[in-house]
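Q: Let me begin by handing over the structure; questions about it come next.
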Amino acid sequence: MKNLEQLLLINKLRESENIREYNDREYNEEFEIPLLIKKNQGSSTVLFRASRTPFPIISNLFETREKFLKVFGFKNLEDFYRLVTDLKPEKDPYVEFDFDKYYEKSNYGLSKLGALKYYEKDGGFYFTSTIFIAKTELSYNASIHRTMVIDDYSAVARIVPRHLYRIIENNKSLGKDTKVTILLGAHPIIELVSSISPPYNQFEFELIPNLLGKKLPIVKSPLWNNPVPLGTSIIIEATITNEMVNEGPFVDIMGTYDRIRKQPLIKINGIYTLKEKPIAVHAILPGGGEHQLLMGITKEAQIYKAVSLVVPKVHKVRLTQAGGGWLHAAISIDKNHDGDGKNAILAAFGAHPSLKHVVVVDGDVDIDDPNMIEWAIATRFQADRGLIVVKNARGSTLDPSANDGISAKMGIDATKPLNGSFIFERAKIPGEM
């Protein structure tokens, strides 16, 4: 987890020729870098020399499932699903190092740390991989929040009503601000665990040893004494105040603009950088593959586990790209009873309440191919017997057609009947893959 490990990750990408370096000149943080990130989605990791920051900007580390497995060291998605849904906190998870040995105070303000303006109507320059660490009553919480720069020493972040919001509200009721440590340039495994939502008062970083197979090296942040993974490029000590300011607009996971909201003003108390040259600041393209996978793949794992409890076998689960990696799921199963398809639908809705549409198909249908899913619906589905509609359920505020998160849900059972004849089989030519 030290800086060396981040360097080895980048060198590994270079050796595999999966990294494209834009270092022939300084690239502009406003639109130019985001456009090149988007153009390279699905192919190359990109590393930029930028115009306003001395720190390289990296993106597209894990915007596809194949790259996700390589970066995080998993053999297949099913292994990842099983591991992440059974993660337990480690009782003695850390090896602590001296902060002053590895970090120094920086004179840079936020404008020098690699924030980007991604889309034409964005409210400002944003950090999209910022991890916030805050104390709870009994432990700590780590979570990722998009952060808009106001000036060199103030910012605003979108705080959704989850754990950090609860911490802020608890402190507000006591008349206190909330002290947070903000991480930039953390190792991808830190980003992954910070996107998991364990129970309140269970610190996400305590899960890391069971992913790494070793204790997590940390330092304690200089002002708030919060645990920080050693090797994080930039550490920001900040205060979330009770003053509310405008945040947004900003593009969310569906590729649509989220509205302007009043969110808490964040005041910067100190910025610290590694004494070693920091490797890179991670820019996550809003609505891109990294955004979808970081936010959705642990939900995919929860769906896989829930559906596995109600059907004989789950072949694949996919939160689809067109559904933002969040709203739409496709699931392929084997079944023992003709009602198994509907049970799979209901289990999926229970495992991921933000789901809007679910399609369940047989194991002979490749759900990584949207045409095969549509073929299954065309040949194995009838709306009068295979459709489930749930009205006025809690959905997702990321769905612009929902009424403040209240949504109708639809499940499609496109599995063939167990007593069906060969008429449901997809024809093959001998020798065809």
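The values are calculated or read from the model by the stated rules, or taken from the named source; none is laboratory data. Computed from a predicted model, the values in this text were never measured in an experiment. For neighbour counting, all protein chains shown are included, and Cβ atoms are generated from backbone atoms with ideal geometry for every residue, glycine included.
Q: Can you name every residue in the stretch 213-238 that is more than 21 Å from residue 136 (Cα to Cα) and of a type in the set (A, V, I, L, M, F, W, C)? Even if it seems obvious, please write down each step before you answer.
A: Step one: of the stretch 213-238, the residues more than 21 Å from residue 136 (Cα to Cα) are 213-215, 217, 230-234.
Matches in the stretch 213-238: 230, 234.
Q: Give 350, 386, 395 a once-over and let me know the one that is touching a Gly at 6+ places or on another chain (Cβ under 9 Å), within 25 Å of residue 417 (Cα to Cα) and of a type outside the set (Phe, Trp, Tyr).
A: 386
Q: Does residue 255 meet the test of being more than 29 Å from residue 152 (Cβ to Cβ) and not assigned by TED's automatic domain parsing to the domain that holds residue 177?
A: On the way: more than 29 Å from residue 152 (Cβ to Cβ): yes; not assigned by TED's automatic domain parsing to the domain that holds residue 177: no.
So residue 255 does not fit the description; no.
Q: Separate question: All but one of (1) surrounded by fewer than 19 Cβ atoms within 10 Å (Cβ to Cβ); (2) more than 25 Å from residue 48 (Cβ to Cβ) hold for residue 106, so report the exception by its number.
A: Result: residue 106 passes all but (2).
Q: For the stretch 282-294, indicate whether the set of residues that are within 27 Å of residue 395 (Cα to Cα) and free of Cβ contacts under 8 Å to residues at least 24 places away in the same chain is non-empty. Outline the logic, then answer.
A: The first filter runs over the stretch 282-294 and keeps only residues within 27 Å of residue 395 (Cα to Cα), leaving 284-294.
From what's left, free of Cβ contacts under 8 Å to residues at least 24 places away in the same chain: none.
Within the stretch 282-294, not a single residue is within 27 Å of residue 395 (Cα to Cα) and free of Cβ contacts under 8 Å to residues at least 24 places away in the same chain.
Q: Would you mind finding the one in 342, 356 that is surrounded by 15 or more Cβ atoms within 10 Å (Cβ to Cβ) and more than 24 Å from residue 258 (Cβ to Cβ)?
A: On the way: 356 fails: more than 24 Å from residue 258 (Cβ to Cβ).
Checking each option against the conditions leaves just 342.
Q: Related question: Can residue 433 be described as at pLDDT below 95, within 26 Å of residue 77 (Cβ to Cβ) and of a type outside the set (Val, Ile, Thr)? Steps first, answer last, please.
A: On the way: at pLDDT below 95: yes; within 26 Å of residue 77 (Cβ to Cβ): yes; of a type outside the set (Val, Ile, Thr): yes.
When the stated conditions are applied, residue 433 passes them.
Q: Taking the stretch 241-276 only, how many residues are touching a residue at least 24 places away in the same chain (Cβ under 8 Å) and either farther than 18 Å from residue 160 by Cβ or in a strand (DSSP E or B) (or both)?
A: Filtering the stretch 241-276 down to residues touching a residue at least 24 places away in the same chain (Cβ under 8 Å) leaves 241-242, 245-258, 260-261, 263-276.
The next check asks that each one be either farther than 18 Å from residue 160 by Cβ or in a strand (DSSP E or B) (or both); those that pass are 241-242, 245-247, 250-251, 255, 257-258, 261, 263-276.
Of the residues in that region, 25 qualify.
Listed here are the residues, each with its yes/no results for (1) within 24 Å of the chain's Cα centre (by Cα); (2) in a strand (DSSP E or B); (3) under 16 Å from residue 333 (Cα atoms); (4) of a type in the set (A, V, I, L, M, F, W, C).
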site	(1), (2), (3), (4)
373	no, no, yes, yes
385	no, no, no, no
391	no, yes, no, no
408	no, yes, no, yes
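Q: Looking for something surrounded by 17 or more Cβ atoms within 10 Å (Cβ to Cβ), modelled with pLDDT under 95 and assigned to a helix (DSSP H, G or I) - is there at least one such residue anywhere in the stretch 13-31?
A: Yes, some residue in the stretch 13-31 is surrounded by 17 or more Cβ atoms within 10 Å (Cβ to Cβ), modelled with pLDDT under 95 and assigned to a helix (DSSP H, G or I).
Q: Which residue, of 136, 178, is modelled with pLDDT of 95 or more, in the same structural domain as residue 263 (by TED's automatic domain parsing) and either more than 30 Å from residue 275 (Cβ to Cβ) or among the aromatic types (Phe, Trp, Tyr) (or both)? Full working, then the answer.
A: Working: 178 fails: either more than 30 Å from residue 275 (Cβ to Cβ) or among the aromatic types (Phe, Trp, Tyr) (or both).
Result: 136 is the single residue among 136, 178 that is modelled with pLDDT of 95 or more, in the same structural domain as residue 263 (by TED's automatic domain parsing) and either more than 30 Å from residue 275 (Cβ to Cβ) or among the aromatic types (Phe, Trp, Tyr) (or both).
Q: Let me ask another. Look through 182, 133 and report the one residue that is under 23 Å from the mean Cα position of the chain (by Cα) and under 27 Å from residue 257 (Cβ atoms).
A: Numbers: 133 fails: under 27 Å from residue 257 (Cβ atoms).
Answer to the check: 182.
Yes/no matrix, rows are residues, columns are (1) under 27 Å from the mean Cα position of the chain (by Cα); (2) aliphatic (A, V, I, L, M); (3) more than 30 Å from residue 113 (Cβ to Cβ); (4) not assigned by TED's automatic domain parsing to the domain that holds residue 161:
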{"position": "308", "(1), (2), (3), (4)": "yes, no, yes, yes"}
{"position": "347", "(1), (2), (3), (4)": "yes, yes, yes, yes"}
{"position": "358", "(1), (2), (3), (4)": "yes, yes, yes, yes"}
{"position": "368", "(1), (2), (3), (4)": "yes, no, yes, yes"}
{"position": "382", "(1), (2), (3), (4)": "no, no, yes, yes"}
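Q: With respect to the numbered conditions (1) assigned to a helix (DSSP H, G or I); (2) crowded, with 22+ Cβ neighbours inside 10 Å, which one is the sole condition not fulfilled by residue 306?
A: Here residue 306 meets the rest and fails (2).
Q: Could you tell me which of the residues 413, 404 is surrounded by fewer than 11 Cβ atoms within 10 Å (Cβ to Cβ) and either touching a residue at least 24 places away in the same chain (Cβ under 8 Å) or under 23 Å from the mean Cα position of the chain (by Cα) (or both)? Steps first, please.
A: Values: 413 fails: surrounded by fewer than 11 Cβ atoms within 10 Å (Cβ to Cβ).
Going through 413, 404 in turn, the sole match is 404.
Q: Hey, which of the strands (runs of 3 or more DSSP E) in the stretch 42-97, taking only ones fully inside, have at least 1 residues that are outside the structural domain of residue 127 (by TED's automatic domain parsing) and without any contact (Cβ under 8 Å) to a residue 60 or more places away in the chain?
A: Numbers: elements: 45-50, 57-59, 94-96.
The qualifying strands (runs of 3 or more DSSP E) are 45-50.
Q: Could I ask something else about it? Looking at 314, 361, can you tell me which residue is surrounded by 14 or more Cβ atoms within 10 Å (Cβ to Cβ) and in contact (Cβ under 8 Å) with a residue 40 or more places away in the chain? Before the answer, list the steps.
A: Numbers: 314 fails: in contact (Cβ under 8 Å) with a residue 40 or more places away in the chain.
From the options 314, 361, the qualifying one is 361.
Q: Still on this structure, please answer the following. Of the conditions (1) more than 24 Å from residue 150 (Cβ to Cβ); (2) modelled with pLDDT of 95 or more; (3) touching a Phe, Trp or Tyr at 6+ places or on another chain (Cβ under 9 Å), residue 211 clears all except one; give me its number.
A: Among (1) more than 24 Å from residue 150 (Cβ to Cβ); (2) modelled with pLDDT of 95 or more; (3) touching a Phe, Trp or Tyr at 6+ places or on another chain (Cβ under 9 Å), the lone unmet condition for residue 211 is (2).
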